1. Quote the convex hull volume per residue of region 52-92, based on C-alpha atoms, as a whole number of Å³.
2. Please list, in order, the residues from region 20-38 whose amide nitrogen is less than 13 Å from a point placed 7 Å along the Cα→Cβ vector of Asn61.
3. Kindly state, as a whole number, the per residue volume in cubic angstrom of the convex hull around the alpha carbon atoms of region 28-102.
4. Can you work out the accessible area per residue across the chain, with the rest of the protein chains kept in place, probe 1.4 Å, in square angstrom?
5. Jot down the radius of gyration and Dmax of the chain, Cα atoms only, both in angstrom.
6. Taking only DSSP H segments of four or more residues, each worth -39500 (n - 2.57), what value at 222 nm results for the chain once the sum is divided by all its residues, to the nearest 500 deg cm²/dmol?
7. How high is the FRET efficiency between Asp88 and Ile24 when r is their beta carbon distance and R₀ equals 25 Å, given to the nearest 0.05?
8. Enter the angle in degrees (range 0 to 90, nearest 10) between the Cα long axis of helix 26-37 and the first principal axis of the Cα atoms of the chain, meaning the one along which they spread out most.
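The values are calculated or read from the model by the stated rules, or taken from the named source; none is laboratory data. Everything quoted here is computed from the prediction, not taken from an experiment. Cβ placement follows ideal geometry from the backbone for every residue including glycine, while neighbour counts extend to all protein chains displayed. Keep in mind that these areas ignore ligands, DNA and RNA; they rest on the heavy atoms of the full protein, side chains included. Shrake-Rupley method; radii C 1.70, N 1.55, O 1.52, S 1.80 Å.
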Amino acid sequence: MNLEIVQIDIPEGANVIIGHSHFIKTVEDLYEVIVTTNPNMKFGLAFNEASGPCLIRYEGNDQKLIDTAIENAKRIGAGHLFVLVIKDGYPINILNQIKNTQEVCRIFAATANPLQIVVVQTDQGRAVLGVVDGFSVKGVESEKDREWRHNFLRQITKYKK
């Protein structure tokens with residue numbers, strides 16, 4: 001077996017959700033989840049088929065995000081993997097609905113941070129072992145940091161007319 005680190009391309013202002021799913025119907029079901037949960041969200045979705053023709057299946061409503069999802073899925077190369085690249089929304093807006101999709105087995109990452117995927121190559125194929133999401137911890141938050149966090153969370157959750 002061989003290990004490889006795959007750097008994920010995340011366009012400026014976008015987030016990515018990478019997960020494991022077990023069936024080709026994932027593409028249609030995740031499309032429906034996104035457009036019914038947040039109809040203004042722009043997205044590209046790619047799904048790596050793990051049997052039959054083993055194609056990258058795709059959907060979306062933004063060609064640049066679709067292309068980015070396909071390229072990320074291609075570089076990872078693991079079967080039954082989906083890559084969702086989103087703009088005009090956040091993973092928190094759709095993550096529970098994605099987790100509740102029948103075909104979805106697990107979520108590896110949901111982030112806008114720099115992201116690396118740890119991939120293993122065997123004689124049979126490729127698999128995701130884990131992710132490196134963002135950077136290493138640098139310390140413990142101070143009281144000032146805590147105050148900033150509380151204010152920030154109230155600011156982004158404030159109802160706006």
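1. Details: hull volume 3.4 nm³, N = 41.
That works out to 83 Å³ per residue.
2. 31-38
3. On the way: hull volume 6.3 nm³, N = 75.
It comes to 84 Å³ per residue, whole-number rounded.
4. Numbers: 10040 Å² over 161 residues.
Ligands and nucleic acids excluded, the figure is 62 Å² per residue.
5. Radius of gyration, then largest Cα-Cα span, for the chain: 16.9, 56 Å.
6. Helix-only estimate at 222 nm: -9500 deg cm²/dmol.
7. Values: r = 27 Å, r/R0 = 1.08.
Result of the calculation: an efficiency of 0.40.
8. Taking Cα atoms only, the helix is inclined about 20 degrees.
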